[in-house]
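FYI, it's all coordinate maths here, none of it is from the lab. Just so you know, these numbers come straight off a predicted model, no measurement behind them. Neighbour counts are summed over all protein chains in view; Cβ atoms, including those assigned to glycine, are modelled from backbone coordinates with ideal geometry.
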Amino acid sequence: VIHPEDRESYEAATAGLDLLPPAPGGATRQDSVRLGLESLRQAAPDAVAIHDAARPFLSHDLIDRLLIKLPSHSGAIAALPVTDTLKKTRESGDVIGTVPRTRLWRAQTPQVFRFHEILDAHEKALTAGADFTDDAAVAENAGLNVTIVEGSPENVKITTPEDMARAERWLAGGLETRVGQGFDVHRLGPGDHVMLCGVRIPHTQGLLGHSDADVALHAITDALLGAIGEGDIGSHFPPSDPKWLGADSALFLSHAVGLLRQRGGGLSNIDTTLICEAPKIAPYRPAMIARVAQIAEVPESQVSVKATTTERLGFAGRGEGIAALSTVTVRLPPGD
Ligand code: MG
């Protein structure tokens, strides 16, 4: 559920993920959740997990431990036992007494429910005009049985700028850096242009081979696949498959970026070197950087394209083919 004005940043944040279209939210949290649930009416899932996007550190394990409660309960919520001593005060701040903390819990999300029961409960709350602070309260009001699963202290809610700074420090320390390398060569033959980094460059010859023979995008794709341990371009897009004949190599890089995103990873940088005597690369470098950044969905500042000759030595020096090298750095969640 998103604010309609946030659509652009939502789309940037979820690029490459296989998600249902977002539902527009309402004026309150409760309205937003109900609208989200209503948008699922057609899909009619058995279970639904309601989660605050402001808690980005939830784990798969926590979701599993909640869902396992659903056969015996209408709902299950993540919560932490209260460990601090609780004081009750007068309005002045003077202490009246100590509140026993036994069996007191701090509710988190996700909160999972049988779909139809929580949807009915939300509609009931709407009709009654009641205002609740979480979905478990909506469920309790409808008489549903909800149980608690011990959540995780890392599953923090980011509400203040200080929370955000702490989360960023934590993330920066928690992500693993991985490096991948790619290398590719394509033969030059009859033709009137070459594709390099997704840019069409007029030339007296063309590159032959797999897809549009964009040797640079192939090297970048292989480097990215290498960084995440996902094989190579040939294992995802076999050269024997006629489907890829003449294909735009941007497809391959987009696919690799999608695999990275699915694992919650991010691209740090792409550095690529083209090795050829001709055509001259320099005039096309800005366009190449822009195109690679666009395909990989990263800022241009994270993309570098360089070129060198081999002093007329070897196959590249004799103009028989063009080679490309690439190094890609990514960040992956720990333990991935
Ligand atoms: Mg290739």
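Structure values in brief
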{"item": "Zero-based 10 Å bins, Cα pair distances in region 200-289, whole percents", "result": "15, 45, 32, 7, 0"}
{"item": "Total charge dipole magnitude, the chain, about the Cα centre, Cβ charges on Lys, Arg, Asp, Glu only, Debye to nearest 20", "result": "440"}
{"item": "Descending semi-axes in whole angstrom, ellipsoid equivalent of region 136-286, from the Cα gyration tensor", "result": "46, 19, 14"}
{"item": "Residues whose placed amide H lies under 5 Å from that of residue 55, excluding near-sequence neighbours", "result": "158"}
{"item": "For the chain, Kirkwood radius (reciprocal of mean inverse C-alpha pair distance, Å)", "result": "23.8"}
{"item": "Approximate shape of region 1-159 as ellipsoid semi-axes (Cα gyration tensor, √5λ), whole Å, largest first", "result": "29, 19, 18"}
{"item": "Summed residue charge, Cβ within 14 Å of residue 167's Cβ, Lys/Arg positive, Asp/Glu negative", "result": "-1"}
{"item": "Contact order normalised by residue count of region 4-153, Cα under 8 Å, 6+ apart, percent", "result": "28"}
{"item": "Under the Debye formula (equal points on every Cα, no solvent term), log10 I(q)/I(0) of region 84-169 at q = 0.21 Å⁻¹", "result": "-1.05"}
{"item": "Contact order normalised by residue count of the chain, Cα under 8 Å, 6+ apart, percent", "result": "16"}
{"item": "Environment charge at residue 100 (Cβ cut-off 15 Å; Lys +1, Arg +1, Asp -1, Glu -1)", "result": "+3"}
{"item": "Amide H within-cut-off set for residue 108, under 5 Å, with H built and near neighbours excluded", "result": "78, 79, 80"}
